[in-house]
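Beneath this line is the structure, given in structure tokens, with notes to follow.
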Amino acid sequence: MALLQEPILICGGGLGGLTAALALARRGRRSRVLEGAPQFGAIGYGIQFGPNVFHVLDRLGVTDAVMAKADCPPAVLMRDAFTGNVVVTVPTGASFRARFKHPYIIIHRIDLHHALLDACKVVPEIELVSDTMMTSFEDHGDGVEVTTADGRSFKGAALIAADGVRSRVRAKLVGDGDPQPIGYAAYRTIVPISELSADVHRKEVVLWGGPGFHIVHYPLRHDTLFNIVAVFRTPTHGQKGDAASYRAELQHTYRDAHPAMRDLIAMMDFGWRGQVCDRGPVRHWHKGRIVLLGDAAHPPLQSLAQGACMAIEDGLCLAELVHATDGDFAAAFPRFEAARLLRTARVQLESRAIWEFYHAEGIARDVRNATTAAWDEAHVFECLAWLYDGAPLPTGQGG
Ligand SMILES: Cc1cc2nc3c(=O)[nH]c(=O)nc-3n(C[C@H](O)[C@H](O)[C@H](O)COP(=O)(O)OP(=O)(O)OC[C@H]3O[C@@H](n4cnc5c(N)ncnc54)[C@H](O)[C@@H]3O)c2cc1C
């Protein structure tokens, strides 16, 4: 272990990378986080977290900072895009909290990012290096070396690649190409809640599901902002256009939807358009002293709202195993993969199934609506238990 004195390099300062850095620091282990963007931060939209994320936030000591900025919706609802009828209710109030021991939260992504970032900044074990786009990396056997777009190089004891769904490290390590477009595009918009004219639930997380399209909305920052995401199937999913063509396409796609959905569509600002892409699970995400984490390893569709939760769970799990093995990466990385594979693969696969459930059409939609009519709270909680009860997370003990 010639380079043991070198810090662990973490490529990518998103939610997964920062969690890994903080969890390593809590065990006295040094890391250097290389972030390609000019500043550590995040794109400014809402994010939902199931109670499973608190198993990690509690251990890292950041729960209070997160909760100061978060809101707890009274329910997560799925509504039919044509009738507006509620198809599924997940009560997320007192009974949910009693069952899962932790809340369901909605939070501005920037606020969550800063809660982690602030915690990282005050510990000496973490060095945060922004504007540092990794372009290549080498595993020298006794350490790793990363080269950046502007020609700098960084040495480390190991490389944790938390560089997201289009991970360069994955491209070399796994070599399975780009994530595949699934034919859908998405828009995200935040408006002041005072400007919200649509007649919709303002406290709940609501998903309106229709054939080939859906909308998700919920409040942010203590009911001052309103987050709207519109997702729809379109042959233009990979193309760029202008605001007028985007608006015309949305109006056409949602023309038969419930009037409240059309009012929401009228509020979209087209500041962010994304192509929805997917990857299937793979068995191996590490080689030698290099390991993938979060979306780089197992990106799911956003339908379960669990991609960031998985990245955060990964961060703690990986750090604890590095500590448990006393920095023996050849032992820690396979254990990390084994600990995380089935849970993260299930999230990927169930996210695909739920994607179909949201977008059911014809008889499938009728079957969905008739079946869910019989679901009560106990059944819904049981369905979610595998996810929201959290995963066993190692404690850094033992070798
Ligand atoms: C519309 C939408 C809604 C979502 N909603 C939810 C939700 O409600 N709940 C949830 O849990 N998840 C949600 N997700 C998923 C979530 O956003 C991701 O799963 C999560 O961000 C993954 O975290 P990560 O740290 O692995 O990667 P990222 O967040 O993508 O972070 C990667 C970081 O690496 C940096 N980087 C990339 N390449 C390099 C390089 N070469 N060198 C240096 N740095 C680099 C990037 O700048 C970035 O900061 C949603 C996703 C989408 C698209």
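The values are calculated or read from the model by the stated rules, or taken from the named source; none is laboratory data. These numbers were taken from a predicted model, which means no experiment stands behind them. Virtual Cβ from ideal backbone geometry, glycine too; neighbours counted across all protein chains shown. For the accessible areas, the whole protein counts, side chains as well, though only heavy atoms, and no ligand, DNA or RNA atoms are used. Shrake-Rupley method; radii C 1.70, N 1.55, O 1.52, S 1.80 Å.
3J(HN,Hα) couplings calculated from phi for region 145-153 with the Karplus curve 6.51 cos²θ - 1.76 cosθ + 1.60 (θ = phi - 60°) are, in sequence order, 9, 10, 10, 10, 4, 9, x, 6, 9 Hz; Gly and Pro show x. Based on protein heavy atoms only, the chain ends up with 41 Å² per residue of surface accessible to a 1.4 Å probe.
When the charge dipole of region 285-399 is built from unit charges on Cβ atoms (+1 for Lys and Arg, -1 for Asp and Glu) and taken about the Cα centre, the candidate among SER351, ALA332, GLY288 whose Cα reaches farthest toward its positive end is GLY288. Rg then Dmax, both in Å and based on the Cα atoms of region 27-148: 19.4, 62. Given the pairs LYS172/LYS240; LYS240/LYS287; LYS121/LYS287, which span a C-alpha to C-alpha distance of over 32 angstrom in this model? Too far apart for the 32 Å limit: LYS240/LYS287. A compact globular protein would have a Cα radius of gyration near 2.2 N^0.38 Å; the ratio found for region 137-200 is 1.89. Normalised by 2.2 N^0.38 Å, with N the number of residues, the alpha-carbon radius of gyration of region 268-314 equals 1.42. Coordinate range of the alpha-carbon atoms in region 241-339 per principal axis, descending: 58, 25, 22 Å.
Summing charges over neighbours of ASP199, with a neighbour being any other residue whose Cβ is under 13 Å away from its Cβ, gives +2 when K and R count +1 and D and E count -1.
Annotation for region 330-399: GluC sites (Glu not before Pro) lying in DSSP loop with at most 15 further Cβ atoms inside 10 Å of their Cβ are GLU361. Taking all Cα-Cα distances within region 208-269, those exceeding 19 Å account for 32%.
With all protein chains in place and a 1.4 Å probe, the accessible surface of region 77-193 carries 51 percent carbon and sulfur.
Gyration tensor analysis over the Cα atoms of region 11-70 returns equivalent ellipsoid semi-axes of 20, 18, 9 Å (largest first, whole Å). Relative to the globular-protein estimate of 2.2 N^0.38 Å, the Cα radius of gyration of region 289-390 stands at 1.36.
A convex hull fitted around the alpha carbon atoms of region 160-265 yields 145 Å³ per residue.
Less than 5 angstrom separates the built amide H of TRP272 from those of ARG188, all sequence-distant by 5 or more or on a different chain. Backbone amide hydrogens, once placed in the peptide plane, bring ARG32 within less than 5 Å of ILE8, LEU9, ILE10, GLU127, excluding anything fewer than 5 places away on its chain. Taking a ≥ b ≥ c as the square roots of the eigenvalues of the alpha carbon gyration tensor, region 336-399 is oblate, as a/c is not under 1.5 and a/b does not beat b/c. Dipole of the chain computed with +1 at Lys/Arg Cβ and -1 at Asp/Glu Cβ about the Cα centre; of LEU196, TRP386, MET268, farthest Cα towards the positive end is TRP386. Only the Cβ atoms of Lys and Arg (+1) and of Asp and Glu (-1) were treated as charged; on that basis the dipole of region 358-399 about its Cα centre amounts to roughly 140 debye. The charge dipole of the chain, taken about the Cα centre with unit charges on the Cβ atoms of Lys, Arg (+1) and Asp, Glu (-1), comes to about 180 debye, rounded to the nearest 20.
Extent of the chain along its three principal axes (Cα atoms, max minus min coordinate, largest first): 65, 47, 38 Å.
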